Structure formats: C-alpha cells, structure tokens
Amino acid sequence: MIKAVGLKVFYSYLDKPEYRSAVFEIAKDPAIKVIHLNRRNALDEFISLQKATLSGTWSQTRKTQPATQQQYTLDPADFLHFLKLRTFLKRRTRYIFQDQDFHEISYEDLLTDREKTLLEVQRFLGVKPKKLFSLLVRQGDPSHTDITNYEVLREVYDDFLKANE
C-alpha cells in the first residue's frame with residue numbers, strides 16, 4: 001500500500017503556465033504535506049547552479065574527476081540578483097503553502113546527517129521508517145578552488161547578509 005507520493009516543485013514552476021495550475025491545486029489541499037528542501041548557504045547554491053548550467057551536468061551517480069579541473073569566474077552582479085530573487089521566492093513559497101503542514105530541511109543536513117534527516121522526513125510524512133539511500137553523489141569542489149573570484153562573491157554574500165539581518 002502506498003502511504004506517500006512525492007514530486008519535486010522548483011520555484012520557477014510558478015512562472016510557467018504549464019506547472020502553475022498544478023502547484024496551486026496542491027496548495028488548495030491542506031491534507032498535502034510539503035517538504036521544503038533548501039540550502040542554508042546561498043553562495044554554495046549559486047555556485048552549484050552556475051556550474052551545472054555552464055557544464056550541462058545537473059546530477060551524477062558516480063564520482064568522476066575531470067582530467068583537468070575547470071576554472072569558473074562568476075559575475076558578482078548575477079550573484080546579488082540571485083540573492084534577492086532567492087529571498088523573494090522562499091517567502092512566496094511559504095505564503096503559497098501556508099495552509100499545508102510544512103517541513104523544512106536543508107541540503108547541508110542531508111550531507112552531514114542523511115540518516116537522521118531522512119528519518120525526520122519519514123516521521124513528518126507519517127510513514128513507517130525505512131533506511132533510505134540515494135544513487136546520486138555530490139558534484140564539484142566543495143572548497144571552491146575552481147572559482148577564481150570566490151573571495152569577491154563571499155564579500156557580496158557577507159554584505160547581503162548584514163544588510164538583511
């Protein structure tokens with residue numbers, strides 16, 4: 001017997017007519033539980049999205065190292081725009097699903113304590129806990145040595161955080 005079914009809804013779906021109506025149908029049903037997966041570190045999120053866009057690789061199931069590590073220089077103005085849009089989209093999502101039972105988890109918690117985080121999700125959903133796994137592996141360089149202007153981006157992020165405290 002199926003106890004839970006899920007789907008991934010990206011922020012951008014609200015701006016696409018082909019998805020928008022489905023999102024609002026979900027939001028109308030207070031019996032539907034919503035899990036909001038996000039990243040605490042917006043700089044890491046931006047870097048990840050930019051590298052996925054530039055490389056065309058959005059996920060992988062095996063850790064593979066490229067022969068030479070590609071270097072990226074990312075636009076600080078694009079990052080600032082991303083931060084502002086991200087803040088708005090997170091608020092909009094919370095507003096749209098305000099009548100749902102809403103559970104927030106972070107990507108970082110999935111990385112550092114996957115078992116505990118997934119157990120919390122299963123409890124939230126009211127399903128019998130099982131050991132879960134993913135075939136996906138983390139991509140990229142978590143130390144960001146492949147970002148030539150990482151320090152500039154870090155300053156933009158720090159300034160944004162201070163201005164929005």
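On the given criteria, is PHE124 under 20 Å from the mean Cα position of the chain (by Cα), closer than 30 Å to PRO30 by Cα and surrounded by 16 or more Cβ atoms within 10 Å (Cβ to Cβ)? For PHE124, the condition - under 20 Å from the mean Cα position of the chain (by Cα), closer than 30 Å to PRO30 by Cα and surrounded by 16 or more Cβ atoms within 10 Å (Cβ to Cβ) - is met.
Checking each residue in segment 40-56 for being touching a residue at least 60 places away in the same chain (Cβ under 8 Å) and surrounded by fewer than 16 Cβ atoms within 10 Å (Cβ to Cβ) picks out ARG40, ASN41, ALA52. Taking the numbered list (1) more than 26 Å from ARG94 (Cα to Cα); (2) modelled with pLDDT under 85 in turn, GLN71 passes all entries but (2).
Please go through segment 127-155 and pick out each residue that is of a type outside the set (A, V, I, L, M, F, W, C) and open to solvent by less than 50 Å² (accessible area, probe 1.4 Å). Of everything in segment 127-155, those that are of a type outside the set (A, V, I, L, M, F, W, C) and open to solvent by less than 50 Å² (accessible area, probe 1.4 Å) turn out to be GLY140, ASP141, HIS144, ASP146, ASN149, TYR150. For segment 84-103, a residue qualifies if it is open to solvent by 80 Å² or more (accessible area, probe 1.4 Å) and either in contact with a Gly (Cβ under 9 Å, 6 or more places away or on another chain) or not in a helix (DSSP H, G or I) (or both), and the qualifying residues are GLN98, ASP99. Of all residues in segment 156-165, those satisfying the criterion of being surrounded by 10 or more Cβ atoms within 10 Å (Cβ to Cβ) and in contact (Cβ under 8 Å) with a residue 60 or more places away in the chain are VAL156, TYR157, PHE160. Among the residues making up segment 114-143, those that are touching a strand residue (DSSP E or B) at 6+ places or on another chain (Cβ under 9 Å) and under 21 Å from ASP44 (Cα atoms) are THR117, ASP141.
For ASP44, are the conditions met, namely being at pLDDT 90 or above, of a type in the set (D, E, K, R) and within 26 Å of LYS84 (Cα to Cα)? Yes.
Against the conditions (1) open to solvent by 30 Å² or more (accessible area, probe 1.4 Å); (2) under 15 Å from the mean Cα position of the chain (by Cα), SER106 satisfies every one except (1).
LEU74 - would you say it is touching a residue at least 40 places away in the same chain (Cβ under 8 Å), open to solvent by 90 Å² or more (accessible area, probe 1.4 Å) and closer than 26 Å to GLN50 by Cβ?
Values: touching a residue at least 40 places away in the same chain (Cβ under 8 Å): yes; open to solvent by 90 Å² or more (accessible area, probe 1.4 Å): no; closer than 26 Å to GLN50 by Cβ: yes.
No: the conditions fail for LEU74.
In the set (1) closer than 29 Å to ILE26 by Cβ; (2) in contact (Cβ under 8 Å) with a residue 12 or more places away in the chain; (3) exposed (fewer than 14 other Cβ atoms within 10 Å of the Cβ), the condition left unmet by HIS81 is number (2).
Reported count of residues in segment 1-37, each being part of a loop (DSSP other than H, G, I, E, B) and open to solvent by less than 90 Å² (accessible area, probe 1.4 Å), is 8.
The values are calculated or read from the model by the stated rules, or taken from the named source; none is laboratory data. As the structure is a prediction and not an experimental result, all values here were calculated from the model. Note that we place each Cβ from the backbone using ideal geometry, even for glycine, and neighbour counts take in every protein chain shown. Quick note on the areas: whole protein, heavy atoms, side chains included, nothing else; ligands and nucleic acids left out. Shrake-Rupley method; radii C 1.70, N 1.55, O 1.52, S 1.80 Å.
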